[in-house]
Every structure is written in structure tokens, then in C-alpha cells.
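Novice: Pasting a structure here, questions to come.
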Amino acid sequence: MSIVDPAQARASTIMQSVQLITALVFVPVLYVLCRRLPVRVGWENGFFEMGQNLVAILAVLVSLGMAWRRRVHAQRRLWWTVALGWLLLLGCELRWGAVWLPPLAVAPRLGPQFDGAALPLQAAVPLLAIAVLAVLALMVWLLWRAGMHGLADAWRRRVLMPWGHGLAAAAYGLAAWAGQQGWVDADAARGQSLAQGAAMLAYYYLLRAQWWAFARWLKP
């Protein structure tokens, strides 16, 4: 049975709290930056979206590395599934290849517009999402049936959960959604920049949460 040292638990809480506070403080900074930077940073295939793609690609590689590192542990199935989830997210960001095609139109401030509806793979996207969720549920069930002591151990170590990184990712995800809906800025181009920048940071904090879980919470 893994017992979390109280000093380690306190250090974890402090680190997670500082991480969350730092992330939240940067939200208005991101808003100001998006109002001052050229609107093209928020375009499709722009700086922020390329950042999202790079984080997703890195996350796939990190997840595969985690699966390899735990290759003799039942936990490897979890990281294989997480890698699949990141691949699905990357496919969504790339509109399943539509961003590599000539744009349908180029708006003066909103930039190029792509449409993946004509791609054959687009129709399978909902099925792919359902398949990933089904595989994840199956992996968790198999791990539980296998008597994976790591799950029970992880629960005992729940004070080390990456709640700070997770809440930061959720906050930026909410900011991205608000920017896309035009609730933050009446200028659609600025709202698009905020949405893309916030989404990039949401992916970053989600990857940080994954790394924290692998290194501290879901230890074998």
C-alpha cells in the first residue's frame, strides 16, 4: 500500500495552487495580447493553431512514451488510449486534412476558411469519437477486472491528483469557448484570436496534468 507523506501532500497542494493561480492571472494578459497582436495569429493555420497542433503531436509522443515506460504494467493500456484520444483531437484541429487544401475563402480579418465536410473522413468523425470513448471505458474495465492495484493505490494517492493543471485547462477551455461565441470581444477577429490562444494553453495545461498524473499520482 502506497502511503503519501504529509509533507509531500502539502508540497503538492502548494505547487498545484501556485500553478492554478498563475494560469488564471495570465487569462487577462492573454486577452490584452490578443487585442494588440495582429489578428492573423488567430487564423486557421496561424500561430496559435500551429501551437495547438505542436502540443497535440507532443502529447501523442509523450503518451506513447508513457505506454512504453509502463509496458510491463497494466497501466500501459490507459496511455495507449490517451494517445488515441490526442490523435483524435489532432485530427479535429487539422479538420481531417481540410487545412491542407485551398481555402474556400479568405476573409480580410478572419483569414482563410476551410471546410472539411467534403472529405470522406469527416462523416466518420462522430464514430471515431464514440470509438475512442468506448475503448477508454473498456480499458478501465479491463484494468479493474485484472485487479490492477494501481487504481486502488491511485485513489489512496488522490491528494496528488493534478487538480490545479486540470482546472487551469478547464478555465482556458471556457475562455476559448467564450471567445468563439463572441462574448468577450465584439470584434470577431479578436474573439477568434482569444479562442485560439486559449485553446492552445488549454492543451498545454492538459498535457501538464497528464505528465503530473504519470509521474506522481498514477505511479505503479
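Novice: Which condition does R190 not pass, out of (1) surrounded by fewer than 23 Cβ atoms within 10 Å (Cβ to Cβ); (2) without any contact (Cβ under 8 Å) to a residue 40 or more places away in the chain, if it passes all the others?
Specialist: Evaluating R190 over (1) surrounded by fewer than 23 Cβ atoms within 10 Å (Cβ to Cβ); (2) without any contact (Cβ under 8 Å) to a residue 40 or more places away in the chain leaves (2) as the failure.
Novice: For the stretch 161-192, enumerate the residues that are modelled with pLDDT under 90 and either closer than 30 Å to V4 by Cβ or assigned to a loop (DSSP other than H, G, I, E, B) (or both).
Specialist: M161, G182, W183, V184, D185, A186, D187
Novice: Of everything in the stretch 1-51 that's part of a helix (DSSP H, G or I), in contact (Cβ under 8 Å) with a residue 24 or more places away in the chain and more than 21 Å from the chain's Cα centre (by Cα), which residue is surrounded by the most Cβ atoms within 10 Å (Cβ to Cβ)?
Specialist: Here the answer is S12.
Novice: Only one of A175, A171 is out of contact with any Cys (no Cβ under 6 Å at 6 or more places or on another chain), crowded, with 17+ Cβ neighbours inside 10 Å, aliphatic (A, V, I, L, M) and within 17 Å of E49 (Cβ to Cβ). Can you tell me which? Explain how you work it out, then say what you get.
Specialist: Details: A171 fails: within 17 Å of E49 (Cβ to Cβ).
Selected residue: A175, the only one of A175, A171 that is out of contact with any Cys (no Cβ under 6 Å at 6 or more places or on another chain), crowded, with 17+ Cβ neighbours inside 10 Å, aliphatic (A, V, I, L, M) and within 17 Å of E49 (Cβ to Cβ).
Novice: Taking the conditions exactly as written (surrounded by 12 or more Cβ atoms within 10 Å (Cβ to Cβ), under 22 Å from the mean Cα position of the chain (by Cα) and at pLDDT below 70), does V125 satisfy them or not? So that I can check it myself, show each step before the final result.
Specialist: Details: surrounded by 12 or more Cβ atoms within 10 Å (Cβ to Cβ): yes; under 22 Å from the mean Cα position of the chain (by Cα): yes; at pLDDT below 70: yes.
The answer is yes for V125.
Novice: If you go through the stretch 64-87 one residue at a time, do you hit one that is under 28 Å from S193 (Cβ atoms), at pLDDT below 90, aliphatic (A, V, I, L, M) and assigned to a helix (DSSP H, G or I)?
Specialist: yes
The values are calculated or read from the model by the stated rules, or taken from the named source; none is laboratory data. These numbers come from a predicted model, not from an experiment. Note: ideal-geometry Cβ built from the backbone for every residue, glycine included; neighbour counts use all protein chains shown.
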